[in-house]
Each structure stands twice: as C-alpha cells, then as structure tokens.
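The values are calculated or read from the model by the stated rules, or taken from the named source; none is laboratory data. Just so you know, these numbers come straight off a predicted model, no measurement behind them. FYI the Cβ positions are ideal-geometry reconstructions off the backbone, even for glycines, and counts take in every protein chain you see. When the accessible area is computed, the model is the full protein with side chains, heavy atoms only, and any ligands, DNA or RNA have been set aside. Shrake-Rupley method; radii C 1.70, N 1.55, O 1.52, S 1.80 Å.
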Amino acid sequence: MIDPHVLLPLWEAHRDALSHPVRTLEFPRFGRTFEDRPYQLGVVNLSRDSSYRESIAHDVEAARYRARRMTLEGAAMVDVGAESTGERADLLDTGAQTATLLPVIRALVDDDILVSAETYHTDVAIAALESGAGVINLTGRVDDVELYEAIARHDAGLILCYTPGETARSADDVPSADVMIDEQMAYFRERLAMIEAAGVERIWIDPGFGFALNLSDGPERIRYQTDNVLQSFRFRSLGWPVCVTMASSVYLFHDEVRSAETGMAALALLAKANLLRSHEVARVQPMLDLLDICGD
C-alpha cells in the first residue's frame, strides 16, 4: 500500500536526492525555460501500431491538430515518434522514419511548438534536428558521439532514457525491483560522462519504466512501474531534471483506462518529476494546476 509508512522512510533514506538541485534548461530559440517544477510532454504517435489509439495521427494535418490542441491544454513540448515500441509493431528503417517524422516536425516548428523527436537512430535524430526539432527523446544506447555533438551544435536538448537492452524494442528482461535503481543509476552515470563531454547542456533523465515490455499488463507490471516512479526523485542526484512516462493499465482501469495517467501523475508529482510524458494532457494538467494552487 502507498501510504506515509512507505513514503516517509523512502524520502528519509534519500533525503539528499529529494532536495538536490537540478539545472534549469533554457531553449532561447523557442522562448521556453524549464525550471525545477513539473511540465507536460504531450505525445503524438505517427505509427498506426501504437497501442494508445487516441494518440495516433495518420497524417501531417492530424498531427498538427493534436499538437496544437495539447499545447492549448497545457503541454510545454510535444513528442513525435514514427515507430511504436510495441512487441508486434513493425520495425521501420531510417528512411521510413525520416519520411514520416520530418514533415510533421517542420509543420509543428512552423507553429512555434517545441518538438521532441523520439528515436534510437543517429541518422534520424540528426535529420530531426536539422528540420527544427529542439529535443531528441533517445530510446536506445547510442555510443555514436556524432549524435551528441549534433545536439550540442543545434543548442538542443536530450531526454536520456534507460533501456534494459540496446533499444526500447529489445526483448531484454528489466532488472529485478531490488536492483533496478542501482542499474539505472550506473547506466546514467556512464552515459552522462560521454554526453556532457560532447557539449550537451540540456538533459532530462528518464528511468524508462514505461519499457517494462517483458511484463504483461497486470499486478506485477503495475507494482514494478509504480515502485520505479515513486523512486524517480533519486535521479535528481545526477543534477539533471527527471522525465517520467505516464503508464496506463487496462488490467486496473478497464473502460476508464484514459484516466489512468491522471493517477500516475499524482505519483510522479510526489516524486518531484519535472517532465511528465503524457498521452492525456487535458486529464493530467489539473494535477499540475493543483500543485501550483497549493504551492501559492
């Protein structure tokens, strides 16, 4: 059960991380500054294989409409991806990904929307940057320094995701709950040394608990993801803001699954998450507004 008897010992054991300062990220080209408070990253899925049906946009105009709507609803940034991480989703080569992504990125940039491009391919990421993307949502273990140098050269940002395998599509098992934070922390420290040396100055840390793809939707996956999100504040000790994906469970919410991200947002805010990656911006935004009202 999630109650003070669980949360207080967790916060006390990691008090230094809970209060550790994180950097402010500025994007002058977009007139956007991310301070140490929560913001939303709205999702536009360009793959018809995406499991979250409401987030799918079938063409540029549909993507543009969804992105505009989410920014009006409260999203500070919009994340676009051409390939689903679902087990049965088609793998797309880099040519197919860029052909899908780039027209959408250009259209959203024309609308003065800060765009994050989700990919684990260097070529796709660089093409996205050249098309105006302000952030790369990196869902794989890329060792190519050229990618990070390109991010730095474009004064862009990086969402650095932990993945158990080489990419979010890999079938590797997630680490067991008792070692997951240690493994994630080791991964980030190793990656950050390379990325910061390449000159990247805008980074979010994403624990990647949304990639527990080897766990079927049910109690085990729910416990795993919930435990991870409640501990995500511990990554503040790395000095960078933390991004978490709002997971949803049909097993738990049934016909009300579109409300699941509101519940997950409550947990993420308890863990001082800075960027909430959400398919349901309108349903999640009241939680952020509540935090602002109560903080006044």
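In table form, for the structure just shown:
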item	result
HN-Hα J in Hz across region 4-13 - Karplus 6.51, -1.76, 1.60, θ = phi - 60°, x for Gly and Pro	x, 5, 8, 6, 4, x, 5, 5, 5, 5
Surface accessible to a 1.4 Å probe, Thr33 within the full protein complex, Å²	60
Potential extension, Arg189-Asp59 segment - 0.36 nm per residue separation minus Cα distance	43.0 nm
Net lengthening on full extension, Glu12/Ala282 (0.36 nm per residue, minus Cα-Cα)	93.9 nm
Cα gyration tensor shape of the chain, rounded if a/c is under 1.5, else prolate or oblate by comparing a/b with b/c	rounded
Loop GluC sites (Glu not before Pro), region 71-152, which have at most 13 other Cβ atoms in a 10 Å radius of their Cβ (DSSP)	Glu87
Karplus 3J(HN,Hα) series, Hz, for region 218-232 with 6.51 cos²θ - 1.76 cosθ + 1.60 (x for Gly, Pro)	x, x, 5, 5, 4, 4, 4, 5, 5, 4, 5, 5, 5, 9, 5
Region 213-296 - percent of accessible surface contributed by carbon and sulfur, probe 1.4 Å	56
Accessible area in square angstrom per residue, the chain, 1.4 angstrom probe	45
Length added when fully stretched, Ala197-Leu252, from 0.36 nm per residue minus Cα-Cα	15.5 nm
Gyration tensor verdict on region 141-296 (Cα atoms; rounded if a/c is under 1.5, prolate if a/b is larger than b/c, oblate otherwise)	oblate
Which of Thr167, Thr119, Leu46, positive extreme of dipole for the chain (C-beta unit charges)	Leu46
Share, in percent, of DSSP beta bridges within the chain that are antiparallel, nearest 5	10
Cut-off under 5 Å, modelled amide H: who pairs with Gly81 long-range	Val44, Leu46, Glu118
Check: the chain dipole with +1 on Lys, Arg Cβ and -1 on Asp, Glu Cβ, in debye	460
